[in-house]
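This report refers to the structure that appears directly beneath it.
The values are calculated or read from the model by the stated rules, or taken from the named source; none is laboratory data. Because the structure is a prediction, the values reported are computed rather than measured. When we count neighbours, we look across all protein chains shown, and the Cβ atoms used for this are built from the backbone with ideal geometry, even at glycine.
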Amino acid sequence: MRRRLIEVLLAAALMTFAAGFNALAAQEETPPPGWLERDTLTEDWGGYRTWLKGHGITLKPRLTQYYQGMTSGDGDHDFEYGGKADLLLNTDLGKLGFWHGFSMTVHGEYNFGDSVNGRGGAIAPVNTGLYFPGIEGADRFDLSSVYLGQSFGDPVSLVIGKINIVDIAASRPFAGGAGVDSFWNIVFTAPPSGTVPPYLFGALLRWRTEPATFGFWVYDPNDVSNKTGFEHPFDDGITFRGSVEFPVTIAGRRGHQGFVALYSTKDGTDLASLDDLLLPQWPDKVGTKNDRYYFAYTFDHYLYQSKANPKEGFGLFGQFGISDGNPNRLYWSGHVGVGGAGLIPGRSRDNWGVGYYFAAPSDDLKDSLEPILKIRDEQGWEIFYNFAVTPWLILGADLQIIETSLADEMAVFAGLRTVIRF
């Protein structure tokens, strides 16, 4: 798999360089947009990009770079440089001879450098982009999504395979962004529930109606990061997730409110029995808890939206969730924030956000480990601003202030991020 991913990324790089020469050769016939106005750095690849799209193939190469450090807190205060090179392939198989509505999606990711995740005692990763698929050794490489899709008209769609849930959550209004386009902290990019792995193997069904949008997921409860998903599927149980989302209009402003319910048959360690590990004479008394559940309420709502350009505006977003608390190590959590695009006149491509989160680990986990480890509730703030230097080059700044779960001292993280779309 690692060799295949490297081949894909090298092919994308070669195509990018070749596109530059082809674009120069075609310049006399059809002058392309200036390099400051084009949507991507390499534009149309001398016409090949348009040709591929016409045949159902869309390639999106991207490079994201981070420079982040912990300026205050318990631990190393050095700044680290890291990055993510990724290539998203969307294929409309209907244009390649298959039936209408059939598609395939592949997302290759490669992380490099170092990150500050895990510093300061924070349980929530402060850099989502470098947390998945990993940052060390073979974990740096992965095909995070390899799935087939089928749409049944506009209302119904089904995808099956290995699915990157961070990508699925990236479209959340005012938040999301996969750690690349919006917030950095995982709480705002893909809120953890303890029951949805970042990369899962299963099937996701979506049914959109006029009054509401319904979702139903069935998947293996185990994380398939750096795996295909076919190794031992569903050996440890099965998870079911249902959701419903309603469009809501208040004072002429549109938004959504939704509910999520999740049930998993996967067994887990009885967190209330972990204190038996402290008794060497009774090491076999650590118990098992059957099943687990999770419920959440989500919302987003515009506070202002430009009539001239609907993409400009800002609004509220948030989520509140609760789980069984045992075997799930996260008992309940919540976050709220404000985000949007075009805050400054003339800067319609810029986007920004401010968010607050609170996370309460399992009470049973706290009580069991209290003799050797003090686990606290965690809360934190994040603020970011992305400055669109050009449509294809984004420069962002980020600040996070966290009262961490595993350390007494407040942690402060600051960072810069650049995103280049090829």
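Just a few scattered comments:
- Checking each residue in the range 285-316 for being within 23 Å of the chain's Cα centre (by Cα), in a loop (DSSP other than H, G, I, E, B) and surrounded by fewer than 16 Cβ atoms within 10 Å (Cβ to Cβ) picks out only Lys311.
- Residue in the range 240-260 that is in a loop (DSSP other than H, G, I, E, B) and either in contact with a Cys (Cβ under 6 Å, 6 or more places away or on another chain) or crowded, with 16+ Cβ neighbours inside 10 Å (or both) present: no
- Leading residue by the ranking (nearest to Ala296 (Cα to Cα)) among those in the range 181-227 that are within 19 Å of the chain's Cα centre (by Cα) and polar (S, T, N, Q): Ser193
- Some residue of the range 329-343 being of a type in the set (Val, Ile, Thr) and in contact with an Asp or Glu (Cβ under 9 Å, 6 or more places away or on another chain): no
- Restricting the range 40-73 to residues that are among the hydroxyl-bearing types (Ser, Thr, Tyr) and in a strand (DSSP E or B), the residue that is surrounded by the most Cβ atoms within 10 Å (Cβ to Cβ) is Tyr66.
- Residues of the range 351-368 satisfying the condition of being among the hydrophobic types (A, V, I, L, M, F, W, C) and under 14 Å from Gly321 (Cβ atoms): Phe358, Ala359, Ala360
- Enumeration of residues in the range 136-160 that are at pLDDT 95 or above, touching a Ser or Thr at 6+ places or on another chain (Cβ under 8 Å) and under 19 Å from Asp86 (Cα atoms): Asp142, Ser144, Ser145, Val146, Tyr147
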